[in-house]
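Undergrad: Input: one structure, supplied below.
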Number of protein chains: 2
Amino acid sequence: MAVVVMKFGGTSVANIERIRNAAKHVKREVEAGNSVAVVVSAMAGTTNQLVEWVREASPMHDAREYDAVVATGEQVTAGLLAIVLQGLGISARSWQGWQIPITTSQAHGSARIEAIDGSEILQRFEHGEVAVVTGFQGREPERNRIATLGRGGSDTSAVAVAIALKADLCDIYTDVEGIYTTDPRVVSKARRLNKIAYEEMLEMASLGSKVLQTRSVELAMVHGMRTRVLSSFADPESQQPVRAGMNDYDVGTIVCDEDEILEAQVVSGIAYAKDEAKVTILGVADKPGVAASVFGPLADAAIDVDMIVQNLSSDGMRTDMTFTVQATQLDKALAVINQARGTIDFEEIKSSADVVKVSVIGIGMRSHAGVAAKMFKALSEKNINILAITTSEIKISVLIDSAYAELAVRTLHSVYGLDDD
Amino acid sequence: MAVVVMKFGGTSVANIERIRNAAKHVKREVEAGNSVAVVVSAMAGTTNQLVEWVREASPMHDAREYDAVVATGEQVTAGLLAIVLQGLGISARSWQGWQIPITTSQAHGSARIEAIDGSEILQRFEHGEVAVVTGFQGREPERNRIATLGRGGSDTSAVAVAIALKADLCDIYTDVEGIYTTDPRVVSKARRLNKIAYEEMLEMASLGSKVLQTRSVELAMVHGMRTRVLSSFADPESQQPVRAGMNDYDVGTIVCDEDEILEAQVVSGIAYAKDEAKVTILGVADKPGVAASVFGPLADAAIDVDMIVQNLSSDGMRTDMTFTVQATQLDKALAVINQARGTIDFEEIKSSADVVKVSVIGIGMRSHAGVAAKMFKALSEKNINILAITTSEIKISVLIDSAYAELAVRTLHSVYGLDDD
């Protein structure tokens, strides 16, 4: 008998029919003898409607009231799923964050979960009752108000509930079948990974493979909570139920400790992010403190700078400096730099949003040399020019012209042996 | 400075524009120096959508889950109104039933309010903060769950909150301008009453003038909470604010103790109810216990019987018996009677839904004789046949053919001197 947390996202509970489908997944686990807590998002579209009303009410709104309004979406889904489960003969009740309670910080709209008291839910497990928990929210104790975790926070709710209940597995049901070696829409030979390490998943998530909220992966990593991504649209009946101690499943991708991944690939996946923009400052005075004069004002303006390249100065007087920012922040970044022109001392500024960041990710990189060299060689053979490079322990990223994005991803996917046969 | 509770129904908060209008009414009271608690319903249409989802989820649903789902409607309105008020520069916060708390019984879907702790709201009044309270709901302490009061329960919430806060006035903002001597759609000379006694209002409400929920009037009567019905669509700025100790207002109708109504009319209003149906059992054996044999099975089937007429038997053997039920329960009532045919012993059963109950209501009746005689004479002069009669201390009701409904109401309105000049 296992303890399982099952999380269903907005598209998986978009209407009563889909809620019925989700309930069938729950039924399978209950019938296998498992204790089940379900974490639900709002029905797809609901949160947007609520947010729209709040914006209409006032563009500058109190975050506490915003939370009181938008938290209702999950409350509706939780009640409806409990009703559908009861209709299938399963004992179930809905739990709002304040009832459990799930205690959060006071940062309304982006609160952090601080504690979950799972005792009553665990007690009811003994009578076979399924707990249906509202995702995305909790109660901040100081003012006794509902606080939400920010968009996508239901993933984090699910992992936190799983940790509180000491679950064997935290299953995140979504509209994709798992984590792929790369985007299957770009590379038809992309393969679903059976397992991926927490750290790889973090790099994937932060690079635009937005299957799991980053914070949920961090939380799972810290507490070693094995978290599976799988499709809610697969046939609920034919699927294996969760079993305590079982390591491998037919469906989905398990995000887990790297020790569990016995034969780790050197590279697990190729990610790309289209939302970067490149800024090049030409003819910057090459003197101490110039980097601070550029990046200080950007930081003050809350603009995240990702990659940075500073060319060697040929004459020791002037040099060029290139960096990337989120495309949505490009205009703001250019304005900040132009405003600081006097202190920076440069000749010209150029920018482009026609760039893409392509990354190879893999924990195997730590113990294998030559991964970067292989990447540069492969791109060079396709005449793809590298505009900037950054690396971490388990990731190498390059910035290239966006026209070459698909070619680069396909090439690297093949070069690192990720193609499906 | 007065303490005012202001309740806005579903049509008064149907969209953000109307919520803004409601906020202007609140602003007027705040600017007059009043302490204000607002009780809100769900935006018109929202509760129906939520109920529809619940029905779709399962026709036989858990009332606790139904409550968890439908209670969200008021939570949305409360948050939005608080945001709009803040946008007008007014300090405000939303309160859900469980946060105050409003403690209820465990009868989910039709719970009764058992206690309200108004202490924190009163404390915040000292800092000028407006409390925006979700109507229709509270928390039942046994299982720590949300319980709703049943449709229309927000009126009761408002009166209960007003009692807890020792309010000077409980203002119920709705889509009519007050309580009229009769339905203005039927009698163009109908007048708005400045005041009406609790008991008269109870008779009005139970007879189909559905402006206030019956339970809210009962509660107001027991606690002597003066409750005003007024329109939310009137210009918020030109209206008088509430003042402590003030007895008469330009707008609305105050439901209050009869002692406050100095020159009570003998008759205050003419009500009519179209949703009655008449059943006549012909040739019933005229023997002891026959009434029990008819009305026992009806009571067991939860069918409310309103008027009852038993003719005198001419031969001491068989008689006729007429009674009325809600039109929606007619088919069920006929089935029950036919099933009990053996024990009742009757010859024939007839029924008609083409009947209407017309009532004259007035606390002045207690001290004036001849009110009924005047009614019967007036109807007789118009050749309107009376099918059944019931009376109470402050009400006389007659059942007539529905074809004569408007004629009867207009005639009585004139006969009792209620016509507007």
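The values are calculated or read from the model by the stated rules, or taken from the named source; none is laboratory data. Owing to the predicted nature of the structure, the values given are computational and were not obtained by experimental measurement. All Cβ positions, glycine included, derive from the backbone under ideal geometry; neighbour counts span all protein chains shown.
Results for (1) touching a Lys or Arg at 6+ places or on another chain (Cβ under 9 Å); (2) over 18 Å from A:V358 (Cβ atoms); (3) outside any strand (DSSP E or B), shown as yes or no for each residue.
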residue: A:V187; (1), (2), (3): yes, no, yes
residue: A:A190; (1), (2), (3): no, no, yes
residue: A:A205; (1), (2), (3): no, no, yes
residue: A:V211; (1), (2), (3): no, yes, yes
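Undergrad: Quick check, is B:N144 surrounded by fewer than 17 Cβ atoms within 10 Å (Cβ to Cβ), at the interface with another protein chain (Cβ under 7 Å from one of its Cβ atoms) and closer than 29 Å to A:M43 by Cα?
TA: yes
Undergrad: Name, by its number, the condition in (1) outside any loop (DSSP other than H, G, I, E, B); (2) modelled with pLDDT of 95 or more that does not hold for A:P241.
TA: A:P241 satisfies all of (1) outside any loop (DSSP other than H, G, I, E, B); (2) modelled with pLDDT of 95 or more except (1).
Undergrad: Here's something else I'd like to know. Looking at (1) under 29 Å from the mean Cα position of the chain (by Cα); (2) closer than 21 Å to B:Q326 by Cβ; (3) small (G, A, S), which is the one condition that is false for B:A340?
TA: (1)
Undergrad: Residue under question is A:A333, and the condition is that it be without any contact (Cβ under 8 Å) to a residue 40 or more places away in the chain and either of a type in the set (A, V, I, L, M) or part of a loop (DSSP other than H, G, I, E, B) (or both); does it hold?
TA: no
Undergrad: Let me ask another. Which of the residues belonging to the stretch B:11-68 are within 11 Å of another protein chain (Cβ to nearest Cβ), modelled with pLDDT of 95 or more and not in a helix (DSSP H, G or I)?
TA: B:N15, B:A42, B:M43
Undergrad: Take the conditions outside the structural domain of B:A162 (by TED's automatic domain parsing), acidic (D, E) and under 30 Å from B:G370 (Cβ atoms) and apply them to B:D306. Does it pass?
TA: Yes.
Undergrad: Here is a further query. With respect to the numbered conditions (1) farther than 14 Å from B:T280 by Cα; (2) in contact with a helix residue (DSSP H, G or I) (Cβ under 8 Å, 6 or more places away or on another chain), which one is the sole condition not fulfilled by B:H368?
TA: Of the numbered conditions (1) farther than 14 Å from B:T280 by Cα; (2) in contact with a helix residue (DSSP H, G or I) (Cβ under 8 Å, 6 or more places away or on another chain), the odd one out for B:H368 is (2).
Undergrad: A further question follows. Please go through the stretch B:147-175 and pick out each residue that is surrounded by 17 or more Cβ atoms within 10 Å (Cβ to Cβ) and assigned to a loop (DSSP other than H, G, I, E, B).
TA: Here is the first cut: in the stretch B:147-175, the residues surrounded by 17 or more Cβ atoms within 10 Å (Cβ to Cβ) are B:147-149, B:152-165, B:167-174.
Within the stretch B:147-175, B:L149, B:G152, B:L165, B:A167, B:D168 meet the criteria.
Undergrad: Do we have any residue at all in the stretch B:51-74 that's farther than 30 Å from B:E129 by Cα and touching a strand residue (DSSP E or B) at 6+ places or on another chain (Cβ under 7 Å)? Steps first, please.
TA: Restricting attention to the stretch B:51-74, the residues satisfying the condition of being farther than 30 Å from B:E129 by Cα are B:51-66.
Imposing the further condition that a residue be touching a strand residue (DSSP E or B) at 6+ places or on another chain (Cβ under 7 Å) reduces the set to B:64-65.
For the stretch B:51-74, residues farther than 30 Å from B:E129 by Cα and touching a strand residue (DSSP E or B) at 6+ places or on another chain (Cβ under 7 Å): present.
Yes/no matrix, rows are residues, columns are (1) assigned to a loop (DSSP other than H, G, I, E, B); (2) among the polar types (S, T, N, Q); (3) out of contact with any Phe, Trp or Tyr (no Cβ under 6 Å at 6 or more places or on another chain):
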{"residue": "B:T390", "(1), (2), (3)": "no, yes, yes"}
{"residue": "B:L399", "(1), (2), (3)": "no, no, yes"}
{"residue": "B:V409", "(1), (2), (3)": "no, no, no"}
{"residue": "B:D421", "(1), (2), (3)": "yes, no, yes"}
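Undergrad: For B:E56, state whether it is charged (D, E, K, R) and either crowded, with 24+ Cβ neighbours inside 10 Å or in contact with a helix residue (DSSP H, G or I) (Cβ under 8 Å, 6 or more places away or on another chain) (or both). First the steps, then the outcome.
TA: Values: charged (D, E, K, R): yes; either crowded, with 24+ Cβ neighbours inside 10 Å or in contact with a helix residue (DSSP H, G or I) (Cβ under 8 Å, 6 or more places away or on another chain) (or both): yes.
Taking the combined requirement at face value, the residue satisfies it.
Undergrad: In addition: Go through (1) more than 12 Å from chain A (Cβ to nearest Cβ); (2) within 19 Å of B:Q213 (Cα to Cα) one by one and return the number of the condition B:G118 breaks.
TA: (2)
Undergrad: Criterion first (in the same structural domain as A:M307 (by TED's automatic domain parsing), in a strand (DSSP E or B) and surrounded by 14 or more Cβ atoms within 10 Å (Cβ to Cβ)) does A:I349 satisfy it?
TA: For A:I349, the condition - in the same structural domain as A:M307 (by TED's automatic domain parsing), in a strand (DSSP E or B) and surrounded by 14 or more Cβ atoms within 10 Å (Cβ to Cβ) - is met.
Undergrad: Regarding the stretch A:204-214, can at least one residue be identified that is surrounded by fewer than 24 Cβ atoms within 10 Å (Cβ to Cβ), touching a helix residue (DSSP H, G or I) at 6+ places or on another chain (Cβ under 8 Å) and in contact (Cβ under 8 Å) with a residue 40 or more places away in the chain?
TA: From the stretch A:204-214, those surrounded by fewer than 24 Cβ atoms within 10 Å (Cβ to Cβ) are A:205-211, A:213-214; that's our starting set.
Restricting the remaining residues to those that are touching a helix residue (DSSP H, G or I) at 6+ places or on another chain (Cβ under 8 Å) gives A:205-206, A:211, A:213-214.
From the residues that got through so far, the ones that are in contact (Cβ under 8 Å) with a residue 40 or more places away in the chain too are A:213.
Among the residues of the stretch A:204-214, at least one is surrounded by fewer than 24 Cβ atoms within 10 Å (Cβ to Cβ), touching a helix residue (DSSP H, G or I) at 6+ places or on another chain (Cβ under 8 Å) and in contact (Cβ under 8 Å) with a residue 40 or more places away in the chain, which makes the answer yes.
Undergrad: Answer with yes or no whether A:K357 is free of Cβ contacts under 8 Å to residues at least 60 places away in the same chain, within 20 Å of A:Y416 (Cβ to Cβ) and among the basic types (K, R).
TA: No, not satisfied.
Undergrad: Just one of (1) surrounded by fewer than 24 Cβ atoms within 10 Å (Cβ to Cβ); (2) at the interface with chain A (Cβ under 8 Å from one of its Cβ atoms); (3) outside any helix (DSSP H, G or I) trips up B:S94, so point out which.
TA: (1)
Undergrad: List, please: which pairs have Cβ atoms under 6 Å, are six or more places apart or on different chains, and start with a residue in the stretch B:266-281 that is closer than 30 Å to B:E347 by Cβ and end with one that is among the hydroxyl-bearing types (S, T, Y) and assigned to a strand (DSSP E or B)?
TA: B:E276/B:T324; B:K278/B:T324; B:K278/B:S352; B:V279/B:S351; B:T280/B:T322
Undergrad: Checking the conditions here, which among A:A190, A:A220 is in contact with a Pro (Cβ under 7 Å, 6 or more places away or on another chain) and either in the same structural domain as A:D419 (by TED's automatic domain parsing) or in contact (Cβ under 8 Å) with a residue 60 or more places away in the chain (or both)?
TA: None of the other options fit; the residue is A:A190.
Undergrad: Moving on. Exactly one condition in (1) in contact with a helix residue (DSSP H, G or I) (Cβ under 7 Å, 6 or more places away or on another chain); (2) buried (at least 17 other Cβ atoms within 10 Å of the Cβ); (3) more than 10 Å from every other protein chain (Cβ to nearest Cβ) is not met by B:T103; state its number.
TA: (1)
Undergrad: If you scan the stretch B:69-88, which residues turn out to be within 7 Å of chain A (Cβ to nearest Cβ), small (G, A, S) and under 28 Å from A:S91 (Cα atoms)?
TA: none
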